[in-house]
Amino acid sequence: MKKIVALVLVAVMLTMTLVSCGTKLSGTYAAEILGTGAEYEFKGSKVTITVKVLGAEVATAEGKYSIKKDEITFTFESDDEDVEKYDGTFDFEKGEDYIKIGALEYKAQD
């Protein structure tokens, strides 16, 4: 019985450790349709977003992000309305050469 309890405790501690570490991204990912879209550059727990409209850069902001399970949360240091729509929590998926944020797929640029 002691072995079972010890094994369960080790499994719980390992799970808690993995969940608390979270997932970190590195590199640049971009999505663009007819020159309009966004590019994320991830470094550690920080992210820089560049928003483009018709090929022209209209806003850039730095912020932080965190990933928990299948959600990503962005907190940008900007009051720009072009950036504000990217602030918040979205569905998240990571593939080999892409990430999916909400309904958009961002391709790795590295």
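Read the figures in this text as sums done on the coordinates, not as results from a lab. All values reported here derive from a predicted model rather than from experimental measurement. With ideal geometry, Cβ positions are generated from the backbone for all residues, glycine too; neighbour counts draw on all protein chains shown.
Listed values, structure above:
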{"item": "Distant-in-sequence amide H partners of ALA59 (H built 1.01 Å from N, under 5 Å)", "result": "VAL51"}
{"item": "Computed label-point distance, nm, for sites GLU105 and LEU54 using a 7 Å Cα→Cβ extension", "result": "2.9 nm"}
{"item": "Potential extension, GLU96-LYS64 segment - 0.36 nm per residue separation minus Cα distance", "result": "9.3 nm"}
{"item": "Contour excess over end-to-end distance, with Cα ends at LYS24 and ASP82 and 0.36 nm allotted per residue", "result": "18.4 nm"}
